Amino acid sequence: MRNLIKNFLIFVFIFIIIIGLFSAFSQGGEKSEIVGLETLVNQINNEEISAIIVSGDKISVDLKNGKKEIIQKETGESFSEIVKNFSIPAEKVTKIKVEVKSESGWEFWAASILPFLIPFLLIGVFIYFMMRGVQGANSKAMMFGQSQAKEFSKDGKDKVAFKDIAGAKEAKEELKEVVDFLKHPKKFYDLGARIPRGVLLLGAPGTGKTLMARAVAGEANVPFFHISGSEFVEMFVGVGASRVRDLFRKAKKNSPCIIFIDEIDAVGRRRGAGLGGSHDEREQTLNQILVEMDGFEPHVNVIVLAATNRPDVLDPALLRPGRFDRQVVIDMPDLNDREEILKVHARKKTLVKEVSLRKIAERTPGFSGADLANVLNEGAILAARKNKKMVETEDLLEAIEKVMMGPERKSRILSDKEKEITAYHEAGHAVVAHFLPHTDPVQKISVIARGQAGGYTLKLPTEDKHMHSKSEFVEELSVLLAGHVAEKETFGEVTTGATSDLRRATNLARRLITDFGMSDILGPRTFGEKEEMIFLGREIHEQRDYSEKVAEQIDKEIDRFIEEAVEQAKKIIKTEKEKLVEVVKVLLAKETIEKNEFEKIVGKKVLA
Ligand code: ADP
Ligand code: ZN
């Protein structure tokens with residue numbers, strides 16, 4: 001973009017010069033008045049003229065009062081002929097200095113050719129710049145091997161500091177050391193300490209890994225090179241490796257600095273897995289990264305930060321000493337962190353004073369920093385759409401649901417029958433969830449379509465949870481299947497509305513057995529080595545480490561878990577039928593029910 005503007009400016013500049021030259025030629029550079037032949041004759045008769053220069057068809061006149069004039073005469077008619085034709089007395093003419101210039105000089109040629117030449121010149125210049133543009137694109141194709149790293153210079157205005165990051169105290173503490181290495185390397189060299197080359201940031205998407213890396217660069221006041229692992233992997237083999245070389249060359253030139261490789265798992269996967277060309281390419285790229293990191297001269301002060309949310313798939317070679325031997329975990333924010341993050345982002349928004357960010361934090365368990373930033377932004381957008389001057393709590397609450405499940409789709413009109421089915425389905429989820437002791441309390445039920453879902457039941461945990469018990473999972477299975485069960489119990493058949501519930505329930509049941517070891521029959525072990533392979537897009541490939549017989553047992557166990565969950569849901573829906581119908585009635589009338597209204601119908605939740 002900047003290039004385009006530059007070209008445009010050059011173009012305008014040349015244009016102005018050409019126009020200037022042209023007008024200089026045609027005007028002779030002086031300000032002259034253009035007058036008619038009669039005026040000239042009158043002036044000669046009145047003896048007002050001091051000198052006349054005839055050149056071609058142009059008569060330039062110097063008046064005695066210092067003014068200048070130009071007269072255009074007929075081609076071929078000489079000055080003496082004019083004098084004769086107008087019968088000007090000879091003694092008047094002899095008093096004037098008359099000079100006749102031949103017009104075969106360059107001025108003549110310029111004056112007659114330039115008007116034709118200039119359009120061609122302009123077109124030529126234009127084509128030249130067009131060609132340059134095209135060549136630029138071409139040469140970009142030729143520069144495949146150059147890294148596409150985005151560089152943030154150390155005094156850019158979007159500089160980030162640690163104070164812009166809420167929570168993540170331990171991570172900040174660890175990274176302060178890195179800042180110290182970058183700022184005062186000598187202190188460490190003098191003691192013979194080896195400065196770490198690589199730091200791996202581990203954390204779920206949106207937990208602020210990129211932000212953290214930028215803050216390190218900001219605090220140390222060094223440039224920051226940002227590249228994503230997926231950018232290394234291109235169609236052409238060898239490109240990744242040469243990009244790595246280029247990136248490290250640039251970084252060494254700018255030492256001290258930080259290289260940040262996002263999604264390093266895209267190239268740093270354990271070698272030896274995967275198929276086809278993309279695999280070779282990854283391996284070459286990874287090798288090049290390792291070579292570069294090993295090859296740092298002792299006093300080059302470049303620190304590589306890399307981010308991933310899949311440390312389990314990383315090649316062990318990456319984690320060896322001298323490479324990414326330091327690992328910093330960035331956790332999902334807990335309640336206090338969430339409140340802090342909201343505060344950081346609320347600084348830039350106009351909120352009503354009454355908004356309790358604590359309450360918003362309580363409502364958003366499992367949200368990452370990026371989600372929370374998004375909630376505040378969506379809230380501001382919703383408030384602006386309602387022409388409010390400030391963001392209110394209700395806007396933020398609505399934003400939470402929007403971020404969780406996509407925008408409301410009020411325009412999707414359900415027929416009365418569809419609405420009734422959806423109401424029973426959602427009421428089924430809600431009532432079953434309410435009467436099971438280990439599930440999260442129901443916060444809101446709605447039959448307004450949102451994102452992909454036809455309706456939704458919102459449950460929120462009362463506290464942040466890091467561990468889940470088997471009873472929780474088993475009850476969760478019941479809740480997932482309750483929509484389906486409620487439809488079947490009420491209408492005798494089911495609709496497609498429960499499809500995604502069923503898929504999630506089946507997946508959960510499988511994980512209970514194969515990942516969590518929660519099946520009493522199959523025992524406490526895992527089944528299958530899951531591996532993500534990038535081959536023609538993304539797919540999960542499972543390597544079986546068990547026999548056909550066990551596979552059958554797993555299938556049977558999945559069936560059993562699901563059957564039991566369905567039975568439990570059925571039992572609750574049958575015994576609490578009246579309350580279910582009551583909830584459905586309110587849903588049909590109002591489309592949404594909030595927690596306190598729901599509890600008026602079903603009573604307070606009894607937790608285990
Ligand atoms: P990641 O790289 O881990 O996917 P990012 O660093 O891109 O996450 O975070 C995305 C955005 O989320 C940041 O730009 C910031 O606005 C917000 N964010 C995430 N974590 C925090 C935090 N701890 N404090 C403040 N903002 C945060
Ligand atoms: Zn459902």
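The values are calculated or read from the model by the stated rules, or taken from the named source; none is laboratory data. Note that the structure is predicted; figures quoted are calculated from it, not measured. Neighbour counts are summed over all protein chains in view; Cβ atoms, including those assigned to glycine, are modelled from backbone coordinates with ideal geometry.
Residues in segment 331-370 that are closer than 9 Å to GLY167 by Cβ and either within 16 Å of ligand 2 (Cβ to nearest atom) or part of a loop (DSSP other than H, G, I, E, B) (or both): ASP331, PRO333, ASP334. Checking each residue in segment 445-474 for being in contact (Cβ under 8 Å) with a residue 60 or more places away in the chain, surrounded by fewer than 21 Cβ atoms within 10 Å (Cβ to Cβ) and either within 14 Å of ligand 2 (Cβ to nearest atom) or within 21 Å of LYS417 (Cβ to Cβ) (or both) picks out only ILE448.
A single entry from SER469, SER478 fulfils the requirement of being over 38 Å from the mean Cα position of the chain (by Cα) and either of a type in the set (Ser, Thr, Tyr) or over 15 Å from LYS577 (Cα atoms) (or both): SER478.
Within segment 178-203, the set of residues being within 20 Å of ILE259 (Cα to Cα) and either outside the structural domain of ASP262 (by TED's automatic domain parsing) or part of a loop (DSSP other than H, G, I, E, B) (or both) comprises HIS184, ARG194, ILE195, PRO196, ARG197, GLY203.
Answer yes if at least one residue in segment 244-261 is in contact with a Gly (Cβ under 7 Å, 6 or more places away or on another chain), at pLDDT below 85 and part of a helix (DSSP H, G or I), and no otherwise. So far as segment 244-261 goes, no, none of its residues is in contact with a Gly (Cβ under 7 Å, 6 or more places away or on another chain), at pLDDT below 85 and part of a helix (DSSP H, G or I).
Contact map, segment 555-570: first residue acidic (Asp, Glu), second residue part of a helix (DSSP H, G or I), Cβ cut-off under 7 Å, separation 6 or more or different chains; pairs are GLU557/ILE513.
The one condition from (1) within 12 Å of ligand 2 (Cβ to nearest atom); (2) surrounded by 15 or more Cβ atoms within 10 Å (Cβ to Cβ) that PRO441 does not meet is (1). Taking first residues from segment 206-218 that are among the basic types (Lys, Arg) and partners that are modelled with pLDDT of 90 or more and near ligand 1 (Cβ under 6 Å from one of its atoms), the Cβ contacts under 9 Å between residues at least 6 apart in sequence or on separate chains come to LYS209/ALA307. Filtering segment 209-229 to residues that are closer than 12 Å to ALA307 by Cβ and at pLDDT below 90 leaves HIS226, ILE227, SER228, GLY229. The residues on offer are LYS73, LYS92, and the sole one that is of a type outside the set (Ser, Thr, Tyr), surrounded by 12 or more Cβ atoms within 10 Å (Cβ to Cβ), within 30 Å of ILE113 (Cα to Cα) and out of contact with any Ser or Thr (no Cβ under 9 Å at 6 or more places or on another chain) is LYS73. Among the residues of segment 490-505, those that are crowded, with 17+ Cβ neighbours inside 10 Å and either under 24 Å from ASP440 (Cα atoms) or at pLDDT 90 or above (or both) comprise THR490, GLY497, ALA498, ASP501, ALA505. When each of LYS172, LYS176, LYS209 is tested for being away from ligand 2 (no atom under 16 Å from the Cβ), surrounded by fewer than 18 Cβ atoms within 10 Å (Cβ to Cβ) and of a type in the set (Lys, Arg), the lone residue that passes is LYS176.
Among the residues of segment 371-394, write down those that are in a loop (DSSP other than H, G, I, E, B), at pLDDT 90 or above and of a type in the set (Lys, Arg). Within segment 371-394, LYS386 is the sole residue that qualifies. The requirement of being assigned by TED's automatic domain parsing to the domain that holds MET467, in contact with a Gly (Cβ under 7 Å, 6 or more places away or on another chain), modelled with pLDDT under 90 and surrounded by 11 or more Cβ atoms within 10 Å (Cβ to Cβ) is fulfilled nowhere in segment 555-575; no residue meets it.
Taking the stated definitions as given, is GLU426 away from ligand 1 (no atom under 16 Å from the Cβ), surrounded by fewer than 17 Cβ atoms within 10 Å (Cβ to Cβ) and not basic (Lys, Arg)? Please lay out each step first, then the result.
Working: away from ligand 1 (no atom under 16 Å from the Cβ): yes; surrounded by fewer than 17 Cβ atoms within 10 Å (Cβ to Cβ): no; not basic (Lys, Arg): yes.
No; evaluated as a whole, the condition is false for this residue.
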